[in-house]
Amino acid sequence: MSAAVSAFHRYRRRVAWRAVHGLWRAVQRAGAITPGTPGGQKFAAFGAGSIIGFPTGALYGERWIEIGAETMIGVQVSLSAGMVPGQDLGGIPLLRIGDRCLIGRGSHIVAHYSIVIGDDVYTGPYVYITDQNHGYADPAIPIGRQWPSNAAVSIGSGSWLGAGVIVLPGAVIGRNVVVAAGSVVRGVVPDCCVIAGVPARVVREYVTGNGWTRRAPAPEHPR
């Protein structure tokens, strides 16, 4: 192949690359959900300056979801309220996301009862937050057919959830909490601490007068 032909093929590849990527960026801009788009108007509230990136994950029950102002929700994020699309969930929003939040790509927030996320909460990618557990009381019935149990979830303002964090039903996370990547959170977490593990436990905490200190591990029970 001559140098001229090789150069022509390289030129064509560059042109095609630019065209494909330019088209994809245009699609992303056109598909994003903002307050003024038809998708944004489906929500119970969609604050000024907020955006849901395209492509989205599963979105349904928008009528029972509130999103604050200047919040950015990444691509492929699923937000849902209720079991299935079209379900009547009453007059109160089930999922509230505050102002200036950042929800990482590929995350899932699944509300059936009550999930409240405060202001300035940031998450890494692939975080899972839910307020519902499967029931398993009757061993004679498949678990998927048993009635689930719900427990409200709240995440305090200023907190950070690392990649792959799972927040279980009934979790109450305080303000300015760091949740280490891969942790599974349940129960009550105090303000101004770092938690890690499965289940997550406090590993550092802010003590007035002493600053950030490492918490001693709980003593093991004798076997």
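Six or more apart or on different chains, Cβ atoms under 9 Å: show the pairs whose first residue is in the range 176-190 and outside any strand (DSSP E or B) and whose second is among the polar types (S, T, N, Q) and modelled with pLDDT of 95 or more.
Close Cβ pairs (under 9 Å, with a partner that is among the polar types (S, T, N, Q) and modelled with pLDDT of 95 or more) amount to 176/157; 176/159; 177/159.
I'm trying to understand the selection: among the residues of the range 58-73, which are in a loop (DSSP other than H, G, I, E, B) and surrounded by 19 or more Cβ atoms within 10 Å (Cβ to Cβ)?
If the condition is that a residue be in a loop (DSSP other than H, G, I, E, B) and surrounded by 19 or more Cβ atoms within 10 Å (Cβ to Cβ), then 61, 68, 71 are the ones that fit.
Could we say that residue 53 is open to solvent by less than 20 Å² (accessible area, probe 1.4 Å), closer than 30 Å to residue 144 by Cβ and out of contact with any strand residue (DSSP E or B) (no Cβ under 6 Å at 6 or more places or on another chain) here?
Answer is no for this residue.
In the range 119-164, which residues are in contact with a Pro (Cβ under 8 Å, 6 or more places away or on another chain), open to solvent by less than 40 Å² (accessible area, probe 1.4 Å) and free of Cβ contacts under 8 Å to residues at least 24 places away in the same chain?
Scanning the range 119-164 gives a single hit, 135.
Looking at the structure I just gave you, is residue 173 surrounded by 17 or more Cβ atoms within 10 Å (Cβ to Cβ), among the aliphatic types (A, V, I, L, M) and under 18 Å from residue 57 (Cβ atoms)?
For residue 173, the condition - surrounded by 17 or more Cβ atoms within 10 Å (Cβ to Cβ), among the aliphatic types (A, V, I, L, M) and under 18 Å from residue 57 (Cβ atoms) - is not met.
If only one of 119, 99, 138 is at pLDDT below 95 and among the acidic types (Asp, Glu), which one is it?
Selected residue: 138, the only one of 119, 99, 138 that is at pLDDT below 95 and among the acidic types (Asp, Glu).
Kindly indicate whether any position in the range 2-19 is surrounded by 10 or more Cβ atoms within 10 Å (Cβ to Cβ), under 22 Å from the mean Cα position of the chain (by Cα) and outside any loop (DSSP other than H, G, I, E, B).
No: the range 2-19 contains no residue that is surrounded by 10 or more Cβ atoms within 10 Å (Cβ to Cβ), under 22 Å from the mean Cα position of the chain (by Cα) and outside any loop (DSSP other than H, G, I, E, B).
Which of the residues spanning the range 137-175 are assigned to a loop (DSSP other than H, G, I, E, B) and closer than 18 Å to residue 120 by Cα?
Hits for the range 137-175 are 156, 157, 158, 159, 162, 163, 165, 174, 175.
Need pairs with beta-carbon distance below 8 Å; first residue farther than 19 Å from residue 52 by Cα and within the range 74-88, second surrounded by fewer than 18 Cβ atoms within 10 Å (Cβ to Cβ); sequence gap 6+ or separate chains.
Taking only residues 6 or more apart or on different chains, the pairs are 82/89.
Would it be correct to say that residue 117 is in contact with a Cys (Cβ under 8 Å, 6 or more places away or on another chain) and farther than 20 Å from residue 31 by Cα?
Yes, satisfied.
Which of the residues belonging to the range 32-78 are farther than 19 Å from residue 98 by Cβ and of a type in the set (Gly, Ala, Ser)?
Residues satisfying the conditions are 32, 36, 39, 57, 58.
Tally up the residues in the range 45-97 that are among the small types (Gly, Ala, Ser), within 14 Å of the chain's Cα centre (by Cα) and more than 15 Å from residue 35 (Cα to Cα), please.
So the answer is 6.
The values are calculated or read from the model by the stated rules, or taken from the named source; none is laboratory data. This is a predicted model, so every value here is computed, not measured. Methodologically, a virtual Cβ is constructed for each residue, glycine included, from the backbone with ideal geometry; neighbour enumeration extends over all protein chains shown. Ligands, DNA and RNA are excluded from the accessible area calculation, which covers all protein heavy atoms including side chains. Shrake-Rupley method; radii C 1.70, N 1.55, O 1.52, S 1.80 Å.
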